[in-house]
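Notes follow the structure.
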Amino acid sequence: MSTNIVPAHAGPSGEKIRSDLVVRYEPGEAALAVRMTSKVAYLYGEAIEAAARRVAAAFGVTTGTLVVEDFGALEWVILARVETCLRRAGFGAEPVLPAPAPGGATPRVRERLRRSRLYVPGNQPKLMLSAGLYGADGIILDLEDSVPPAEKDAARILVRNALAAMDFGSSERMVRINQGELGAADLEAIAPHNVHTILLPKVERPEQVERTAAKLRELAGHDTPFLMPILESPLGIRNAYEIAAADPSVVALTLGLEDLSAELGAPRTPEAWESFLARQTTVYAARAAGVQPIASVFSDVRDSAGLEAYVRRERGLGFDGVGCIHPRQIPVVHRAMAPSEAELTRARRIVEAAREARERGLGAVAVGSKMVDPPVVAQAERTVRLAVAAGMLEE
Amino acid sequence: MFGLELYGMPSMIDRWLIRAAPDGTILATGAGARLRVGRENQMTARTLVRNAAGRLVPAEVNGAEQTPFAGVGGHRPSGRKAGPKIATCLDYPADGDKRAGSLRVALERVGLSDGMVVSTHHHLRNGDAVANMVFDTAADMGVRDLMWFPSASFPVHANQIRHLESGVIHHIEGSMNGPLGDYCTAGKMRGMGVLRSHGGRWQAIQDGEVHIDVAVIAAPTADPFGNANALDGPAACGLLGFALADSIYAEKVIVVTDNLVPFPCLPWQIQGNNVDAVVEVPSIGDPAKIVSGTTRVTESPDRLRIAELAARFCAETGIMHDGFSFQAGAGGTTLAFAIYLRDLMKAAGVAASFARGGSTKYMVEMLREGLIGAILDGQTFDLDGVASMREDPRHVDTSPFTSYNFHGKGYFASMVDVAVLGATQVDVDFNGNVVTHSDGRLLHGIGGWQNCLAARNTMLLVPSFRDRIPVIVDEVTTLCGPGELIDVVVTERGIAINPRRADLLDAVKGSDLPIRDIHDLKAQLDRICGVPQTPPSTQDPVAVVKWVDGTVLDTVWRIEG
């Protein structure tokens with residue numbers, strides 16, 4: 001193996017690097033040297049060098065030089081960057097995983113609110129540090145579009161370590177993997193680290209979902225993560241129901257409008273008529289399969305009025321949530337996803353009536369003189385849950 | 001001798017201590033005694049005493065005996081206020097035209113000489129050209145061993161390093177950041193740095209701790225008599241409050257302007273009756289670096305979260321009530337705080353009786369919307385603020401005298417319901433640091449920070465860590481604000497309430513705000529960041545931090561390398 005060792009480096013480039021680390025490995029004959037510089041050396045110099053040496057030892061690196069340039073990276077970031085560098089240099093071994101966060105072992109829950117999901121680029125540790133604080137229903141560590149091709153390996157290792165080391169609070173722990181072989185490698189790396197839900201990009205046929213689910217069962221046993229297929233092409237929309245119903249691990253169905261409109265040859269407009277059928281189809285397919293329909297992102301971070309209108313419109317189509325690309329979008333989304341006072345009043349009446357009917361052992365639920373069917377009761381209960389989550393109602 | 005070896009260049013120290021004697025002016029405030037004390041104390045220059053906060057501080061600084069911090073409210077100076085020599089109008093032109101042909105002519109006219117104390121002011125911020133002009137001119141004149149007494153220094157003033165190196169400047173008593181901070185912390189300055197709050201600077205001038213020989217005031221607008229304001233002209237910055245004490249108490253006062261108007265310059269914040277000479281120059285500073293065209297709110301999600309939590313805290317505890325008052329600066333987080341507070345005030349239908357600035361367009365908008373009754377402004381950060389001050393009688397200029405002075409018969413800062421401030425560190429006893437980095441390097445001035453702690457509720461808005469460096473620590477590197485005055489610490493990971501404030505702890509019961517014990521926060525940071533090593537430090541003092549009453553609160557130590 002040591003015949004194939006080459007010089008390598010890992011970590012971000014450019015000015016103003018923060019909370020990250022750049023590392024270079026130079027092969028050599030002499031015993032391993034670690035040259036470390038850091039703006040926090042006076043507080044963590046020893047810890048940084050020790051972390052680098054720990055990875056080197058695990059990878060059997062006994063010679064050459066590691067040049068570590070630190071910009072205030074946390075330990076799990078240091079471990080990831082050094083591992084990436086050594087793998088690129090040609091070494092291989094089981095990874096050195098960071099110590100688990102006390103709050104990281106949250107259980108995955110099938111039926112939960114998925115109003116907001118915050119995308120975090122998979123190769124930018126700085127943006128992960130506080131991601132769990134904003135109350136998003138889900139955090140998506142993204143390995144796909146936000147990571148350039150040359151950094152896919154680095155992001156995979158970093159996201160794996162983030163899953164191991166970070167507490168994302170009450171947010172659902174989600175990862176968007178890549179398509180094809182990259183995606184398979186992504187799955188292998190992240191599956192053992194309490195990922196709750198995996199987003200599958202550009203799903204066009206149910207077999208893609210089945211294959212992924214089978215692979216996950218192989219990797220993680222019966223307690224597999226949930227799946228959320230993303231429809232991003234006319235073919236995917238055409239097969240929406242089959243995809244949503246392909247495997248019991250699917251919990252939600254969503255769509256990506258950028259790629260879709262490109263394939264359609266219909267540029268995106270604010271009115272979004274070009275994607276109307278796709279969005280409606282997604283809602284119908286998801287509801288038919290008993291999973292949650294989730295809408296796409298709204299990309300103008302500064303336009304909170306536009307975001308609010310967008311969320312109300314998508315909610316009106318039947319969607320249960322939308323994607324967010326900045327934490328400041330989360331409260332706006334939650335506000336816009338909340339039911340109106342009139343909806344809530346009606347829903348509470350129905351829920352109350354259903355409870356009374358249950359208590360009295362009646363089969364049929366009546367509100368006033370009108371009979372109410374079970375799906376209406378279920379929807380009313382969902383409305384009340386949304387109202388509780390939005391702080392409109394005490395538990 | 002021990003002390004002389006420590007501070008180097010004994011001849012300079014002698015000159016520094018003796019400099020007041022020939023002039024005679026300082027003798028009125030006891031310079032003779034100080035001189036003897038100084039000489040004696042050179043033997044014990046390294047004598048460190050433990051003050052009431054448990055901090056080791058030098059017993060003597062730059063030849064003057066010091067009073068160690070005696071606890072909040074524990075020091076009551078007595079005696080009479082200091083003042084300049086009696087002047088007579090006979091020495092000034094009857095037609096009121098005090099113009100001098102150049103800054104050099106003016107400095108010669110007021111008798112600038114070796115060892116004097118020269119003051120400048122920071123209302124032009126990083127755009128200031130005047131302080132550099134003063135010391136460049138002093139260097140040309142061959143003057144040495146000046147003490148520079150700025151109300152604050154900015155990166156643009158790194159120019160003064162060469163004057164420190166060449167001996168034109170002996171030492172600085174004022175905030176030192178960036179290159180000047182590094183210079184001082186490395187122990188390269190001949191004298192010791194003295195850091196004071198804005199209020200403490202007024203206190204030191206008024207009780208004679210610092211006697212200014214020559215004050216040079218950069219004035220955006222002035223007349224030939226010396227009346228000056230900051231409302232108009234290319235360098236308009238709003239107000240000149242930081243220079244007000246100097247104009248009253250300095251022996252000699254020079255006004256430098258690039259917008260000379262015929263007498264009378266209206267309104268006058270600096271009164272020409274205190275001014276010796278007026279100098280017209282092509283430019284007193286770079287307007288682009290003085291005020292910003294528009295103030296931009298931070299986009300950092302963490303800072304926005306901290307600001308929002310702080311505003312909600314004020315609303316839910318009832319600190320925000322009709323007729324309340326607040327102080328918020330223009331720093332990223334505190335500005336965002338004011339914006340969140342505005343929304344909550346509107347929603348609750350309450351208005352503030354007054355707000356203390358740093359003003360920005362956001363505060364000006366609140367004034368216009370009726371959400372604030374008056375802005376009592378200490379400095380203006382953008383053009384909307386300057387325009388409002390010029391045009392709206394409810395937007396008034398203040399000074400450290402009205403706002404902060406320990407020797408005043410009361411001051412505004414203690415009448416404020418809530419002040420929100422930043423900090424570099426805060427410890428588990430709620431002590432705050434605002435001047436040094438966690439490695440002990442000088443990073444910021446104190447500004448009005450210490451003075452604002454007098455508010456009924458003081459909140460520090462800080463990230464819990466910055467690039468792995470914990471902000472919440474076991475013990476602050478440099479103590480700037482005693483924990484008994486700091487009520488609430490707001491971080492992105494939760495809000496810690498000082499246990500002394502049982503009323504606030506009661507007020508948040510049942511709230512869904514993330515209230516946390518400060519020790520829990522600290523323990524979480526130790527997990528996230530790792531427990532840090534103890535950074536290296538020395539036992540050589542390079543600067544002291546004064547408390548608002550003139551006592552010595554803490555020491556900044558020399559850092560190796």
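The values are calculated or read from the model by the stated rules, or taken from the named source; none is laboratory data. What you see is a predicted model, and the numbers here were worked out from it, not measured in a lab. Cβ coordinates were reconstructed from backbone atoms using ideal geometry, including for glycine residues, and neighbour counts include every protein chain displayed.
Per-structure values
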item: Residue match in the range B:172-179 (condition: in contact (Cβ under 8 Å) with a residue 60 or more places away in the chain and of a type in the set (G, A, S)); result: yes
item: Test for A:A305: is it at negative phi and buried (at least 17 other Cβ atoms within 10 Å of the Cβ); result: no
item: Pick from the range A:124-142, criterion closer than 17 Å to A:I198 by Cα and touching a residue at least 40 places away in the same chain (Cβ under 8 Å), ranking: surrounded by the most Cβ atoms within 10 Å (Cβ to Cβ); result: A:A136
item: Search result, residues across the range A:45-64 that are on the phi > 0 side of the Ramachandran plot and either surrounded by 17 or more Cβ atoms within 10 Å (Cβ to Cβ) or within 14 Å of another protein chain (Cβ to nearest Cβ) (or both); result: A:G64
item: B:L553, sole failed condition from (1) more than 14 Å from chain A (Cβ to nearest Cβ); (2) more than 30 Å from B:Q66 (Cβ to Cβ); result: (2)
item: Residue within the range A:160-171 that is within 12 Å of another protein chain (Cβ to nearest Cβ) and touching a Cys at 6+ places or on another chain (Cβ under 9 Å) present; result: no
item: Residue match in the range A:14-28 (condition: more than 21 Å from A:M166 (Cβ to Cβ), among the acidic types (D, E) and at pLDDT 95 or above); result: yes
item: Tally, over the range B:443-464, of residues that are closer than 24 Å to B:W557 by Cβ and either of a type outside the set (F, W, Y) or surrounded by fewer than 22 Cβ atoms within 10 Å (Cβ to Cβ) (or both); result: 9
item: Residues of the range B:310-333 classified as within 27 Å of the chain's Cα centre (by Cα) and either crowded, with 24+ Cβ neighbours inside 10 Å or at pLDDT 95 or above (or both), total; result: 11
item: Count of residues meeting criterion [assigned to a helix (DSSP H, G or I), over 26 Å from A:E232 (Cα atoms) and not aliphatic (A, V, I, L, M)] in the range A:161-185; result: 1
item: Residue ID - nearest to B:T221 (Cα to Cα), chosen from residues in the range B:284-312 that are away from chain A (no Cβ under 12 Å) and polar (S, T, N, Q); result: B:S292
item: Considering residues of the range B:446-466 that are within 25 Å of B:V542 (Cβ to Cβ) and out of contact with any Pro (no Cβ under 9 Å at 6 or more places or on another chain) only, the residue nearest to the other protein chains (Cβ to nearest Cβ); result: B:R466
item: Breaking point among (1) in contact with an Asp or Glu (Cβ under 7 Å, 6 or more places away or on another chain); (2) at pLDDT 95 or above, for B:A277; result: (1)
item: The range B:422-442 - residue that is β-branched (V, I, T) and not in a loop (DSSP other than H, G, I, E, B) and, of those, farthest from B:P541 (Cα to Cα); result: B:V426
item: Of all residues in the range B:525-545 being closer than 19 Å to B:R558 by Cβ and touching a Lys or Arg at 6+ places or on another chain (Cβ under 6 Å), the one that is nearest to the other protein chains (Cβ to nearest Cβ); result: B:T538
item: Selection count where residues are among the charged types (D, E, K, R) and buried (at least 20 other Cβ atoms within 10 Å of the Cβ), scope the range B:524-540; result: 0
item: Residue list for the range B:119-172, restricted to those being at pLDDT 95 or above and polar (S, T, N, Q); result: B:S119, B:T120, B:N132, B:T137, B:S151, B:N159, B:Q160, B:S166
item: From the options A:E69, A:E75, A:E83, residue that is surrounded by fewer than 23 Cβ atoms within 10 Å (Cβ to Cβ) and under 29 Å from the mean Cα position of the chain (by Cα); result: A:E75
item: Residues (of a type in the set (D, E) and within 24 Å of A:I243 (Cβ to Cβ)) located in the range A:272-328; result: A:E274, A:E314, A:D320
item: Any hit, the range A:308-326, residues being in a helix (DSSP H, G or I), buried (at least 16 other Cβ atoms within 10 Å of the Cβ) and within 14 Å of chain B (Cβ to nearest Cβ); result: no
item: Total residues in the range A:339-394, condition of a type in the set (A, V, I, L, M, F, W, C), part of a loop (DSSP other than H, G, I, E, B) and out of contact with any helix residue (DSSP H, G or I) (no Cβ under 9 Å at 6 or more places or on another chain); result: 0
item: Meets criteria (surrounded by fewer than 23 Cβ atoms within 10 Å (Cβ to Cβ) and at pLDDT 95 or above) for B:P301; result: no
item: Subset of the range A:1-34 (residues that are surrounded by fewer than 17 Cβ atoms within 10 Å (Cβ to Cβ) and within 14 Å of chain B (Cβ to nearest Cβ)); result: A:K16, A:R18
item: Any pair with Cβ under 7 angstrom, 6 or more apart, that starts in the range A:257-283 at a residue that is in contact (Cβ under 8 Å) with a residue 12 or more places away in the chain and ends at one that is loosely packed, with under 12 Cβ neighbours inside 10 Å; result: A:S261/A:P267
item: Residues of the range A:64-82 that turn out to be closer than 14 Å to A:P7 by Cα, of a type outside the set (A, V, I, L, M) and touching a helix residue (DSSP H, G or I) at 6+ places or on another chain (Cβ under 9 Å), as a count; result: 1
item: Condition met for A:G104 (touching an Asp or Glu at 6+ places or on another chain (Cβ under 6 Å) and within 14 Å of another protein chain (Cβ to nearest Cβ)); result: yes
item: The range B:476-523 - residue that is within 14 Å of chain A (Cβ to nearest Cβ) and of a type in the set (D, E, K, R) and, of those, surrounded by the fewest Cβ atoms within 10 Å (Cβ to Cβ); result: B:D512
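Residues checked against (1) closer than 21 Å to B:H198 by Cβ; (2) touching a residue at least 24 places away in the same chain (Cβ under 8 Å):
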residue: B:P482; (1), (2): yes, yes
residue: B:A502; (1), (2): no, no
residue: B:A507; (1), (2): no, yes
residue: B:R516; (1), (2): no, no
residue: B:A543; (1), (2): yes, yes
